[in-house]
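The values are calculated or read from the model by the stated rules, or taken from the named source; none is laboratory data. Since the structure is predicted, the reported quantities are computational estimates derived from the model, not experimental observations. FYI the Cβ positions are ideal-geometry reconstructions off the backbone, even for glycines, and counts take in every protein chain you see.
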Amino acid sequence: MDFIQETWTKAKKLSKTIVLPETEDARVLKAAELITQSKLARVVLIGAETAMKAVAGAGDVDLSGCQIIDPLKHPNLDKYVQLLKEKRAAKGMTIEKARHLLTRDYPYFGAMLVERGEADGMVSGATHFTADTLRATIDCIGKAPGQSIISSFFVMVLRDKQFGDDGVLFYADCGVVPNPTAEQLADIAVQTAESYIKLMGSEPRLAMLSFSTKTSAVHPDVDKVIAATKLAKSKRPELLIDGELQFDAALIPAIGQRKAPGSLVAGQANILIFPDLDAGNIGYKITERLARAQAFGPLLQGEAKAVNDLSRGCSVDDIVNITAITAVQAQ
C-alpha cells in the first residue's frame, strides 16, 4: 500500500478547498503552487496580495491558480469580528481583540473561513506553534458535537509490511493531550478509529497500550487504561478495541495469542493508543528514527471541521501531503 498515493487519489476526486494562511513563508507558497498543479485541492491563501506576490516572485512561484484573500478587504470581515467576539465572550474576547486576531493572525481568519463554510479545511503550523493553530481552531471552529477534547494522531508508514495494514499504523495521542484522563483517553481512541475509517476505508483494530497486559501488573496507570478501554467500548461497541496491552502483545501475533488469548486485536492492531503524551511522542519518534518509518502528523481530530498542524521544520512536500490528508478528512 502506498498511503500517500492513495490519499492523493482520494483528494483529487473530492476537490476540496483548503486554506493555507502562512503566506509570508516561501515553502507555503511553493506548496500552494504544487497542490494546485496536482489538483489535490483548491487553495485559498490569506494575506496582502502585494507582499505575497513579492515572496512568490522571489521564488519563481506561480500563484495564478490560487485564491488570495486579504482579510482587511473581505466583505464579511465585520460579521466575522462580531461572530468571534460572541463565540469567545466568556473568555474575555472584545471587538477590538477579535478584529486584531482576524486581520493580523492569519490562522484565525483561515479558521473562520472554514467555520463559515467558505473553505473545507485549513493547514497551518509552518511558522506557528501547535498551540497557535489549536487556539485558532478552538476559538473559531470548536470541538465536534459530543467530543470532550481535540487530540492528534500520526500515520506511521513502516518499511516492514507485516505490521498494521500493509505497514500502516495510526499512533495517538502523540502531540496534544499531555496526561489524558480515562474519559479523554476513551475519546482519543474513538476519534482515532473514526480518523482511520475516513483515511484508510477499512476496519480499525485498536490496542490500548500499557506496561501491563491483562492485569499482569497492578498500578493506577494500568487502572486508567482499563477504565478507558471499557469507556471506549461502551461509546462504540461495534469497534474492535482491546486493552490493556503491552506494545509487543499488540503487534506480534505469537505474543498476542500467548498474553491475550482470544483477543481479536492482540497481535494484529492497526491503531496504537498510548496512555499519555510522553509515551506517544517518544514512541512515534523511536519508530520514525530506528525503524526509518515515514511519520505524517500530528494530524488533529475531534474538531468540528478539518484543521491540521505542521512542524515549523516542515518541507514543501510535507505541506503538500498534509493538505491532501486534510482534504480527505474534510469529506
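Screening T287 with (1) of a type in the set (S, T, Y); (2) assigned to a helix (DSSP H, G or I); (3) modelled with pLDDT under 95 gives one miss only, at (3).
Among the residues of the range 250-277, which ones are among the charged types (D, E, K, R) and either touching a Cys at 6+ places or on another chain (Cβ under 6 Å) or in contact (Cβ under 8 Å) with a residue 24 or more places away in the chain (or both)?
K259, D276 - these are the residues of the range 250-277 that are among the charged types (D, E, K, R) and either touching a Cys at 6+ places or on another chain (Cβ under 6 Å) or in contact (Cβ under 8 Å) with a residue 24 or more places away in the chain (or both).
Kindly check whether there is at least one residue in the range 90-97 that is under 14 Å from I141 (Cα atoms) and either assigned to a helix (DSSP H, G or I) or without any contact (Cβ under 8 Å) to a residue 12 or more places away in the chain (or both). Within the range 90-97 (the criterion being under 14 Å from I141 (Cα atoms) and either assigned to a helix (DSSP H, G or I) or without any contact (Cβ under 8 Å) to a residue 12 or more places away in the chain (or both)), the answer is no, since none of the residues qualifies. Tell me yes or no: at least one residue of the range 153-165 is of a type in the set (A, V, I, L, M), under 21 Å from I252 (Cα atoms) and assigned to a loop (DSSP other than H, G, I, E, B). So far as the range 153-165 goes, yes, one or more of its residues are of a type in the set (A, V, I, L, M), under 21 Å from I252 (Cα atoms) and assigned to a loop (DSSP other than H, G, I, E, B). For K12, are the conditions met, namely being under 27 Å from the mean Cα position of the chain (by Cα) and part of a helix (DSSP H, G or I)? Here the answer is yes, as K12 does meet what is asked. Restricting the range 34-68 to residues that are modelled with pLDDT of 95 or more and crowded, with 22+ Cβ neighbours inside 10 Å leaves a set whose member that is farthest from T7 (Cα to Cα) is I46.
Contact list please: Cβ distance under 7 Å, first residue in the range 288-306 and over 18 Å from L113 (Cα atoms), second residue of a type in the set (K, R) and assigned to a strand (DSSP E or B), pairs at least six apart or on different chains. What qualifies is G302/K143.
Among the residues in the range 190-206, are any among the acidic types (D, E), surrounded by fewer than 16 Cβ atoms within 10 Å (Cβ to Cβ) and not in a helix (DSSP H, G or I)? There is at least one residue in the range 190-206 that is among the acidic types (D, E), surrounded by fewer than 16 Cβ atoms within 10 Å (Cβ to Cβ) and not in a helix (DSSP H, G or I).
Among the numbered conditions (1) acidic (D, E); (2) part of a helix (DSSP H, G or I); (3) crowded, with 22+ Cβ neighbours inside 10 Å, the only one that E22 does not meet is (2).
Output yes when any residue across the range 256-263 is of a type in the set (K, R), outside any helix (DSSP H, G or I), more than 25 Å from D309 (Cα to Cα) and out of contact with any Asp or Glu (no Cβ under 6 Å at 6 or more places or on another chain), and no when none is. Checked the range 256-263: no residue is of a type in the set (K, R), outside any helix (DSSP H, G or I), more than 25 Å from D309 (Cα to Cα) and out of contact with any Asp or Glu (no Cβ under 6 Å at 6 or more places or on another chain). I149 meets each of the listed conditions (1) surrounded by 23 or more Cβ atoms within 10 Å (Cβ to Cβ); (2) β-branched (V, I, T); (3) part of a loop (DSSP other than H, G, I, E, B) apart from (1).
Please verify whether the range 277-290 includes one or more residues that are surrounded by fewer than 24 Cβ atoms within 10 Å (Cβ to Cβ) and within 13 Å of V123 (Cβ to Cβ). So that I can check it myself, show each step before the final result.
Our first condition is that a residue be surrounded by fewer than 24 Cβ atoms within 10 Å (Cβ to Cβ); within the range 277-290, this holds for 277-279, 281-283, 285-290.
Retained after the next criterion (residues that are within 13 Å of V123 (Cβ to Cβ)): none.
So far as the range 277-290 goes, no, none of its residues is surrounded by fewer than 24 Cβ atoms within 10 Å (Cβ to Cβ) and within 13 Å of V123 (Cβ to Cβ).
The residues on offer are D173, D139, D132, and the sole one that is closer than 25 Å to P107 by Cβ, crowded, with 16+ Cβ neighbours inside 10 Å, modelled with pLDDT of 95 or more and not β-branched (V, I, T) is D173.
Determine whether the range 264-277 contains at least one residue that is out of contact with any Leu (no Cβ under 7 Å at 6 or more places or on another chain) and of a type in the set (V, I, T). There is no residue in the range 264-277 that is out of contact with any Leu (no Cβ under 7 Å at 6 or more places or on another chain) and of a type in the set (V, I, T). Among the residues of the range 89-112, is there at least one that is of a type in the set (V, I, T), within 26 Å of F153 (Cβ to Cβ) and crowded, with 17+ Cβ neighbours inside 10 Å? The answer is no; no qualifying residue exists.
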